[in-house]
Amino acid sequence: MEEKVAADSLASVAKQAVELAKRLGADQAEAGVSYDEGLSVTVRMGELESVERQRDRGLAVTVYCNARKGSASTTDFDAASVEEIVRKALSIGSFTTADEYAGLADAALMAVDPPDLDLYFPWDLDVEHATELALRAENAARGVDARISNSEGATVGGGGGWRLYANSHGFVGGYPTSTYSTSCSVVAKSSGSLERDHWYTVSRRPADLESPESVGEESARRALARLDARPISTRVVPVIFPAEIAKGLFGHLVAAIRGTAQYRRASFLVGAAGKQVLPSFVDITEDPLIPRALASAPFDGEGVATKRRELVTAGVLQGYVLSSYSARRLGLPTTGNAGGVHNLLVRPTAGPLAELIEGCEEGFVVGELLGHGVNVVTGDYSRGAAGFWVERGEIVHPVHEVTIAGTLQELYRNIRAIGSDVDSRGTVRCGSVLVDGLTLAGQ
């Protein structure tokens, strides 16, 4: 990907679309342009299974005319196609209902001089090299134990791209990104049990990926640990969510405080800003400006400059997650979250997962959550689960066929510790979470 050429050509397309929309009668206009290219290679049982090459691009145009909004998109960047979708957007807008809250984010909020967050690293990854890395991961997994009887494959891939945004305030901004990953999934077998599990590593920079061998070995270890699981009876016990699963708990929190859920009053946390929603030892910071982080961005999907802010302080919710539209609906300023949140940092309060387990007289460590039984409107929480039973600070056997039942309200209220084993692979960065007194529905 030729950076300079890509940036200039994509910016030119975005500006062309915005200028044309204005000439054709739009009061305001915005355009987003994307370009992505990448490679994904999968091996299974020692053989190359699939090779996928990706090259995608797109242009999305939104116009506002007399408080009416119209949008259209295309994958063609020639002048005739750009004009066609601008006219389509204007035509669509003529049929929509006027909305006093519609429009661009305020011009004063645009990212005037966005920082370089070091989000792009080129990697000349070809099929041969990717295949070699994937085979190393799978071979390492299969070599851990004779009980690793099958493989669902190992995949190596990734690529880079550009995101450009322009609007009729005169803002034009863009930046390149890259993402690379290695994953492995294997099946373990014993006389009475068959279990699968996986592991992965992901990073902006190839040099920051875990080794293929460590990914494969971890996937095997996790699958083996689940063999010969047994059910348990229904009980109320402490539940430990390992870091890679615990981040989902805070994902539900974000869903409940999004502007859309708030102005529609479709959340169990409606109007919760300024109120205690988590224990007093919980602090959550949003930091969009961490170099190389997977969820970093110098500006949001509307060109608004992003900045660090405290989302939860001493358990008290400080604000919502807002785009300019949802902010106007609520009578609040935008929080620069058009397109989502950026790097939620949940402050640790305890040691890593092993120490949380050691501190439990009895409890359940979640290995996997099943189903989608989370209702953000009511807070009801019911997820099928498999994992591990703990007695006197040690895992004694794997468990299957249980359901974690309750509400998000009580789950958040009963958080007792947040571990230091922070998982940084994604938008939420947190460690393992110990929740006291959840109902495990078993036999």
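All of the numbers you see were taken from the coordinates with simple rules; none came from a lab. Just so you know, these numbers come straight off a predicted model, no measurement behind them. Every residue, glycine as well, gets a Cβ built from its backbone with ideal geometry; the counts of neighbours run over all protein chains shown.
Tell me which residues come under 5 Å, amide H to amide H, from G431 once H is placed; ignore anything under 5 positions away on its chain.
G419, D423
Would you please state which residues of segment 393-418 a label at T378 would reach in this model, taking the label point 7 Å out along Cα→Cβ and a backbone N cut-off of under 20 Å?
So the set is 403-413.
Please give me, ordered by residue number, the trypsin sites (Lys or Arg not before Pro) of segment 291-394 that lie in loop per DSSP and have at most 12 other Cβ atoms within 10 Å. The partial results should precede the final answer.
Working: sites: R292, K307, R308, R309, R328, R329, R383, R392; in loops: R292, K307, R308, R392.
Hits after loop and neighbour filter: R392.
If the elastic network links every pair of Cα atoms under 10 Å, which of T96, T403, T201 fluctuates the most in the Gaussian network model of the chain?
For the chain, modelled as a Gaussian network with Cα springs under 10 Å, the answer is T96.
From the phi of every residue in segment 100-114, what ³J(HN,Hα) in whole Hz does the Karplus formula 6.51 cos²θ - 1.76 cosθ + 1.60 yield, where θ is phi - 60° and glycine or proline is x?
4, 8, 6, x, 5, 5, 4, 4, 5, 8, 5, 6, 5, 9, x
For K15, go through the aspartates and glutamates and keep the ones whose alpha-carbon is under 17 Å away, minus same-chain ones fewer than eight residues off.
D27, E30, D76, D78, E83, E84, E302
Note down the net charge around L356, summing +1 for each Lys or Arg and -1 for each Asp or Glu among other residues with Cβ under 10 Å from its Cβ.
Computed value for this residue: -2.
List the lysines whose alpha-carbon lies under 29 Å from that of K275, not counting same-chain residues fewer than 8 positions away?
Partners found: K247, K307.
What residues have an amide H closer than 5 Å to that of A295, excluding those fewer than 5 places away on the same chain, when H is modeled at 1.01 Å from N in the peptide plane?
Counting only residues 5 or more places away or on other chains, the set is N343.
Report, in degrees rounded to the nearest 10, the 0 to 90 angle that the Cα long axis of helix 212-225 makes with the longest principal axis of the chain.
On a 0 to 90 degree scale, this one is about 50.
Which of the listed residues, L209, L249, G301, is farthest toward the dipole's positive end in segment 204-310, when Lys, Arg count +1 and Asp, Glu count -1 at the beta-carbon?
L249
At most 13 other C-beta atoms within 10 Å and a DSSP loop state: those are the exposed GluC sites (Glu not before Pro) I care about. Give me the longest piece of the chain that has none.
Values: sites that count: E2, E100, E361.
Result for the longest clean stretch: 101-360.
Expressed as an acute angle from 0 to 90° and rounded to the nearest 10, what is the orientation of the C-alpha long axis of helix 127-142 relative to the principal long axis of the chain?
With rounding to tens, the tilt is 30 degrees.
Non-local amide H neighbours of R230 (under 5 Å, H modeled in plane, Pro and chain starts lacking H): which ones?
Close amide H contacts, sequence-distant or interchain: V399, H400.
Just how far, in whole angstrom, is segment 76-124 from segment 314-392 if you go by their alpha carbon centroids?
Here the answer is 31 Å between Cα centres.
Report ³J(HN,Hα) in whole Hz for each residue of segment 285-293, in order, from the Karplus equation J = 6.51 cos²θ - 1.76 cosθ + 1.60 where θ = phi - 60°; Gly and Pro get x.
Couplings: 10, 9, 10, x, 10, 6, x, 6, 6 Hz.
Under a 10 Å cutoff between Cα atoms, tell me which one of G192, G393, G419 has the largest fluctuation in the Gaussian network model of the chain.
G192
Enter the angle in degrees (range 0 to 90, nearest 10) between the Cα long axis of helix 243-257 and the first principal axis of the Cα atoms of the chain, meaning the one along which they spread out most.
40
Hey, of (1) 1.01; (2) 0.95; (3) 1.38, which did the structure itself give for Rg/Rh (Cα atoms, Kirkwood Rh) when calculated?
(1)
Can you work out ³J(HN,Hα) from phi for every residue in segment 295-303, in order, using Karplus 6.51 cos²θ - 1.76 cosθ + 1.60 and θ = phi - 60°, giving whole Hz and x for Gly and Pro?
10, 7, 7, x, 8, 8, x, 10, x
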